[in-house]
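The values are calculated or read from the model by the stated rules, or taken from the named source; none is laboratory data. Computed from a predicted model, the values in this text were never measured in an experiment. Glycine also receives a Cβ, built like all others from the backbone with ideal geometry; neighbour counts cover every protein chain displayed. To get the accessible areas, we keep the full protein, side chains included, count just its heavy atoms, and leave off ligands, DNA and RNA. Shrake-Rupley method; radii C 1.70, N 1.55, O 1.52, S 1.80 Å.
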Amino acid sequence: MKVNNELVIKASRGDKAAFSELYYSCYNDLYKFALYTLGDAEDAADVVSDTFVEIWKGIGKLRDEKSFSSWAFRILSIRCKKEISNLIKRKSVYNIDDLTETPLFGSENIEEDISENVSLSSALSKLEGDERMIVVLSVLHGYTNKEIAEMIGKPQGTVSSKLHRTYAKLREMLGGENNG
């Protein structure tokens, strides 16, 4: 997630217009993370909204504007973990419109893209919360294992091994070879 550090500085000083710009520049990345973590568009939107409320309340205490992205994702990941606890109680349902709005693949065959999105989303929904979160941060947002470890408060080695095992699990679920 690319963030304008000047906006973070201004927002941390109480500039509402800067915070609004910051919100619009970050919303899509945070929403995609929440959507792929939680599997439900409404839950994702709610969690992201709650995250921004918390960001607004705490941005004045942020010591380094360069750490805004990891801080925002850390807040979001905590909120997603809480929501996952609630989601375990009910079956995860995917709305096909949500999956076609943010395609993961780039072919010109929309039916193939949708089918791949549904398969991947179904496989992601079968992962544990931490597994799903680590994969989304790594694959969709390009964070390193070290950055992910900082965001979710786990040792880097744990993140690395969990990511490796989760990739193997996903390959198995999606019918691919498990070449490690």
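Working carefully through the options S25, S67, S85, S107, find the one that is polar (S, T, N, Q) and modelled with pLDDT of 90 or more.
Of S25, S67, S85, S107, the one residue that is polar (S, T, N, Q) and modelled with pLDDT of 90 or more is S25.
Go through the range 154-170 residue by residue and tally those that are open to solvent by 40 Å² or more (accessible area, probe 1.4 Å) and in contact with a Ser or Thr (Cβ under 8 Å, 6 or more places away or on another chain).
Here is the first cut: in the range 154-170, the residues open to solvent by 40 Å² or more (accessible area, probe 1.4 Å) are 154-158, 160-161, 164-165, 167, 169.
Keeping just the survivors that are in contact with a Ser or Thr (Cβ under 8 Å, 6 or more places away or on another chain) gives none.
Counting residues in the range 154-170 that are open to solvent by 40 Å² or more (accessible area, probe 1.4 Å) and in contact with a Ser or Thr (Cβ under 8 Å, 6 or more places away or on another chain) gives 0.
For the range 110-139, enumerate the residues that are at pLDDT 75 or above and charged (D, E, K, R).
Answer for the range 110-139, where residues must be at pLDDT 75 or above and charged (D, E, K, R): K126, E128, D130, E131, R132.
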